[in-house]
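The values are calculated or read from the model by the stated rules, or taken from the named source; none is laboratory data. Small disclaimer: the values here were computed from a predicted structure and weren't measured. Every residue, glycine among them, receives a Cβ derived from its backbone with ideal geometry; neighbour counts consider all protein chains shown. The area values use the complete protein model at the heavy-atom level, side chains included, leaving out ligands, DNA and RNA. Shrake-Rupley method; radii C 1.70, N 1.55, O 1.52, S 1.80 Å.
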Protein chains: 2
Amino acid sequence: MAQNKKGEFSKKENELADFANAISHPARVAILKQIADRETCICGEIVEVLPLAQSTVSQHLKELLKAELINGEVDGTKSCYCINWKTFEKFEKTFNEFFKKANSHNPKCC
Amino acid sequence: MAQNKKGEFSKKENELADFANAISHPARVAILKQIADRETCICGEIVEVLPLAQSTVSQHLKELLKAELINGEVDGTKSCYCINWKTFEKFEKTFNEFFKKANSHNPKCC
DNA sequence: ATACTATATCGCAAATATACGATTATATAA
DNA sequence: TTATATAATCGTATATTTGCGATATAGTAT
């Protein structure tokens with residue numbers, strides 16, 4: 001963008017946006033799904049399942065880490081990831097208090 | 001991107017990503033908040049409240065419409081928007097069934 | 001008809017995101 | 001040590017997003 005105006009918005013607004021941004025790509029949704037579905041944490045199995053190169057998957061994992069949607073751990077030569085449910089819960093809470101407060105599903109509306 | 005791989009992911013994955021994408025910018029979060037908070041639908045009042053030019057706000061509104069997060073209605077020279085709660089509910093449902101199914105907040109995990 | 005108001009659209013510039021191959025770093029195996 | 005395997009990072013090309021001013025469009029008022 002010509003200028004980045006994100007700093008002009010509130011902390012909560014940015015937090016919600018950042019969370020949403022982390023899951024705003026189908027590849028990252030698919031990665032989260034894979035991690036959530038497995039009993040134990042996984043790593044490069046994701047690469048086998050997704051239609052993306054290893055480096056691309058690694059980049060997406062990095063973004064998910066940055067947004068704290070997942071936790072990562074090195075295990076020998078492998079890397080192991082799991083869902084950070086705390087962040088999901090926090091998001092759900094913030095999301096609800098942000099949007100549902102004034103919401104009586106207004107019938108006056110268009 | 002070099003190539004767009006979004007078509008290689010499932011419908012559900014893309015739906016979740018699209019919804020998230022619509023709220024992945026603090027300006028759009030702020031716009032949704034404004035609309036949700038008012039009794040009646042509003043229009044260019046948003047422009048007064050946000051630190052963005054009128055054309056930029058209009059663009060964001062267009063995106064929110066496209067994602068069906070809001071409904072719009074023309075009222076004279078003014079445009080009137082309101083939250084499309086149906087989409088929010090649908091998202092919540094999809095989100096939960098997608099991520100919470102296998103989730104026992106796995107203690108084996110890192 | 002003319003002026004005014006509100007909003008959408010267009011065209012452009014700059015910033016970010018996506019994707020990949022090549023390379024690097026680290027751990028394990030031989 | 002050397003080879004192998006796994007995953008992160010770098011460099012780069014391209015696509016998309018963000019933002020604004022200018023313009024277009026359409027309703028309302030004079």
Taking only pairs six or more apart or across chains, which ones have beta-carbon atoms under 7 Å, a first residue in the range B:5-18 that is in contact (Cβ under 8 Å) with a residue 60 or more places away in the chain, and a second residue that is in a helix (DSSP H, G or I)?
B:LYS12/B:THR94; B:LYS12/B:PHE98; B:GLU15/B:THR94; B:LEU16/A:VAL29; B:LEU16/B:THR94; B:LEU16/B:PHE95; B:LEU16/B:PHE98
I'm trying to understand the selection: among the residues of the range A:47-91, which are in a loop (DSSP other than H, G, I, E, B) and over 12 Å from the mean Cα position of the chain (by Cα)?
A:LEU50, A:PRO51, A:LEU52, A:ALA53, A:GLY76, A:THR77
Given the conditions (1) touching a residue at least 40 places away in the same chain (Cβ under 8 Å); (2) open to solvent by 30 Å² or more (accessible area, probe 1.4 Å), and given that A:LYS86 satisfies all but one, which numbered condition is not satisfied?
(1)
Tell me which of these A:ALA36 doesn't satisfy, since it passes every other one: (1) within 12 Å of DNA strand D (Cβ to nearest atom); (2) touching a strand residue (DSSP E or B) at 6+ places or on another chain (Cβ under 7 Å).
(1)
Residue ID - farthest from B:GLU8 (Cα to Cα), chosen from residues in the range A:1-46 that are more than 7 Å from chain B (Cβ to nearest Cβ) and part of a loop (DSSP other than H, G, I, E, B)
A:SER10
Sole residue being open to solvent by 20 Å² or more (accessible area, probe 1.4 Å), more than 12 Å from DNA strand C (Cβ to nearest atom) and closer than 14 Å to A:PRO26 by Cβ, chosen from B:LYS33, B:LYS5, B:LYS12
B:LYS12
